[in-house]
Structure formats: C-alpha cells, structure tokens
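Okay, so here's the structure we're looking at.
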Amino acid sequence: MDKIEITGGIPLEGKVRISGAKNAALPLLASSILVQGPVDYTNIPDLMDIKSIKMLLEDLGATTETSGSNIRIDASAINKAEAEYDLVRKMRASILVLGPLVARFGHARVSLPGGCAIGARPVDLHLKGLEAMGAKISIEHGYIEATTSGRLKGCEFYFDVPTVTGTENLMMAATLAQGTTVLRNCAREPEIIALADALNLMGGDVSGAGTAVIRINGVEKGYCGKRSGQSLDSASIHVIPDRIEAGTFMVAAAATKGDVLVQGGEPEHMGGIINKLRQSGASVDISEEGIRVKGVEKIKSTDIKTLPYPGFPTDMQAQFMVLMSIAEGNCVVHETIFENRFIHVNELQRMGADISISGGNYAMVRGVKSLSGAQVMASDLRASASLVIAGLVARGTTTINRVYHIDRGYESIEKKFSSLGAQIRRC
C-alpha cells in the first residue's frame, strides 16, 4: 500500500495550478443520466472518485471516453437502474445517481453509500424529497428502492438542514418532473450553481441556485429509454476549479512561511478561507495571475467555526488546524457540520501538536514552536491533506500511511508540492 514520505522545514515557493473541483464534477457526471445523447465535460480532475463514478455509469450501460482532462459520457444505452454495493461502497457521492435514475426510468435501486468515516451524513432528506415528488421509497437489504408509476411530480420541499448532495439530487430529479418544483433552505455552495448552470445548458429550467430557494420547471419534451418520458439535451460542460484544493495549497504556503501563487482558483468561492488566512497574519493578494499567499514568521491564532457556505468550509478545518498548531497563542476550532471530524487530532498529537477535544465538536489548539516528523495514518480525505501540511512544516521525516484517501480528492498532490520545492515522495 502506498505511503507518502515528507522531509519538512522547507518554505514552499513558486506557482501551482488548481485542478477541476471533485465536488462539482461528481454531480455533473451523474447528470449525464438525464440526457439522451453525449455530454462533453472538460477540466475533469484525475481522481479515484472520478474513476469510481465512471465505473458506476459504465455498469449502468453508459459509454465513456476519456482524453486527458476531458470526458464524454453517453447515457443513451443505459439498460439498468441499479447501482450495486461493490461500486457504491467506495464513494458516498454515488447516491447522486438516485435522483436522475428514478426521474428518467421511474425506478432506481441504489446501495446505501460508503465514503469517508466523518459522521453519519444520512440521506433521509434525499428520500423525503423524492417521496414528496411522488416516488415510493423502501430500504431493504442495504439498498434504497425508489419507484413511481409515471413521471415524478413537481412539489414544494423544505430541507430541515441545508444539504449539498440532497439539493443536487432533487435538482436533477426535478428537471424531468411534471410541473414546477420549489426547493427551500437549499445549500448554496458554488458546486450547486455549477450544476444548475449545466442543467440549463442541457435544456433544463433552473433558477435561484446560490440562494436558499431554487425553482425548477420540468421539461416537456423528448423521449427517454424504452418508455415515453423526458430527457435533457447534449451539451458541453466545463468544471469549476476546486476551492478546497486551492485552500489546501494556500494554507500550506502560510504554514511553511512560503510564497506561493495559486493559479486557476476562484477567489469569490473562498472568502471564508481568505479571511481566516489574513487574520492569521498571512498576506493574501488577488490579481489576474491568481492568488498569492506569503507566510509570516509569527502566525497569529484565530478561532474557526465551520458553517455551510459561504461560511468557513468543514473541508478546510483539518488543514487550518495544522496552521493553528504552530501559531502564537490559543484558538478554538468549532466543527458544526459533521460530528466525527476530529479524527486527525490523534495523528497531529503524535507530531507534537497540543490539541484537546471537548464535547466532541470543540478543539482547543495551543500553538507550539514546531512539529516533529512521525509515522502517521490518514483517516479520511481532508485529514490526509492536513497530515501532508503537518509533514511539510515538521522537523525531520513524516511518513503518512493509507494515502489512498488523498487520491480520492487531490490530483498528483506530491508532484504539485514537489514543484514548489517540497521534499515529498510516494513510496
């Protein structure tokens, strides 16, 4: 099993280009199910999660063609509506095929999903939304089964809490529903807007994405599959840049007291990250070239509270905790999104970080002068990234085990850090 070995203490310097966003690409690829014809996607990152959803779509009967960062998917010949356990267990985002499948075929059987062990992340709101649209839902033997006698029906649905994949799933389902669907208390992430833009390019009618209320008018055209139904149109879709990858390199630049130009990112998507980096004392300059981050000798402590977008993202909590672990003073990190997202703390403590957890969702971080290299183990995707940053700032050598997690969400991370001067290798 691969490991990543890092010799720390080297300030990062240079330029790094950000890849397409995994969390945008996955629902976009799933949306191809709604189309009777090919869909072309550009700026797709080369990640394990992308490979996983491609395999799932191919198993359903779709054809895929990959050329570099471009993928063409043709779902015209999909011949089954069952997403099997062996394909779904690797990635929680596989649940995103549920809405499109039941909308197109009137039936879907999807295994309950797997993914990172960072909390329950239930899919009950996905299912309640589909029920509100007329689907009958049952869960047996680890599978969700959704059926409808005809087309899904437009409805008004309120999310008890904002959910990104829940919003995406119901948006996609509603594009082929009869009538108008109004979704309230929606997630507002940039990835939601990217999906709405793509659905509109495919001939859908989605408005309000990026706000708490999204309205979708179902299409009234087309023929889909072996029965009368609706479909969207072929289109070319460009994937937005990955704001979490960009944030990870920005924090790494600040933590190593380096000077890095992050290219291809979208500053408007990263307000919470940029704000906290500036509060820590780092210089963050935005120009046409990109986002330049310069670290400072004395890092300032600043409290963090994760919140739904546009607040500080939970996917950056672990990385920022590393920066705070070598800051002057104390800070509190309050995780409000997932109940089990401090698994990385034990590994950071092995490297000399002074962190204590209270109540399960609060962490007190007391800054230390330096971290020291150690053998550590990655527990999930973003924890992996935090351990890479910790290794980059630590004295000595750090070996990170179970790095398959990081390959789910970061494209060629060791190569990109090497290009900035880091002593990092996969072994």
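Output yes when any residue across the range 152-163 is over 24 Å from Ala83 (Cα atoms), touching a Pro at 6+ places or on another chain (Cβ under 6 Å) and outside any helix (DSSP H, G or I), and no when none is. Yes, the conditions are met somewhere in the range 152-163. From Lys90, Lys80, which residue is surrounded by fewer than 18 Cβ atoms within 10 Å (Cβ to Cβ), in a loop (DSSP other than H, G, I, E, B) and either of a type in the set (A, V, I, L, M, F, W, C) or modelled with pLDDT under 95 (or both)? Being surrounded by fewer than 18 Cβ atoms within 10 Å (Cβ to Cβ), in a loop (DSSP other than H, G, I, E, B) and either of a type in the set (A, V, I, L, M, F, W, C) or modelled with pLDDT under 95 (or both) holds for just one of Lys90, Lys80, which is Lys80.
Considering only residues that are more than 21 Å from the chain's Cα centre (by Cα) and closer than 22 Å to Gly311 by Cβ, which ones fall in the range 161-181? None; the set is empty. Total residues in the range 370-392 satisfying the condition of being of a type outside the set (S, T, N, Q) and either under 17 Å from Phe338 (Cα atoms) or assigned to a helix (DSSP H, G or I) (or both): the figure is 11. Looking across Glu131, Glu191, one residue alone is in a helix (DSSP H, G or I) and surrounded by fewer than 21 Cβ atoms within 10 Å (Cβ to Cβ). It is Glu131. In the condition set (1) part of a loop (DSSP other than H, G, I, E, B); (2) out of contact with any strand residue (DSSP E or B) (no Cβ under 6 Å at 6 or more places or on another chain); (3) not hydrophobic (A, V, I, L, M, F, W, C), Gly352 is compliant with all but (2). Of all residues being in contact (Cβ under 8 Å) with a residue 12 or more places away in the chain and polar (S, T, N, Q) in the range 313-352, which is surrounded by the most Cβ atoms within 10 Å (Cβ to Cβ)? Just the residue, please. The selected residue is Ser325. Can you spot a residue in the range 227-240 that is outside the structural domain of Leu176 (by TED's automatic domain parsing) and of a type in the set (Lys, Arg)? No - not one qualifying residue is present in the range 227-240. Applying the criterion of being without any contact (Cβ under 8 Å) to a residue 40 or more places away in the chain and within 20 Å of Gly264 (Cα to Cα) to the residues of the range 283-312, the residue that is surrounded by the most Cβ atoms within 10 Å (Cβ to Cβ) is Val284.
The values are calculated or read from the model by the stated rules, or taken from the named source; none is laboratory data. Here the structure is a predicted model, which means the values were calculated and not measured. We place every Cβ from the backbone using ideal geometry, glycine too, and count neighbours over all the protein chains shown.
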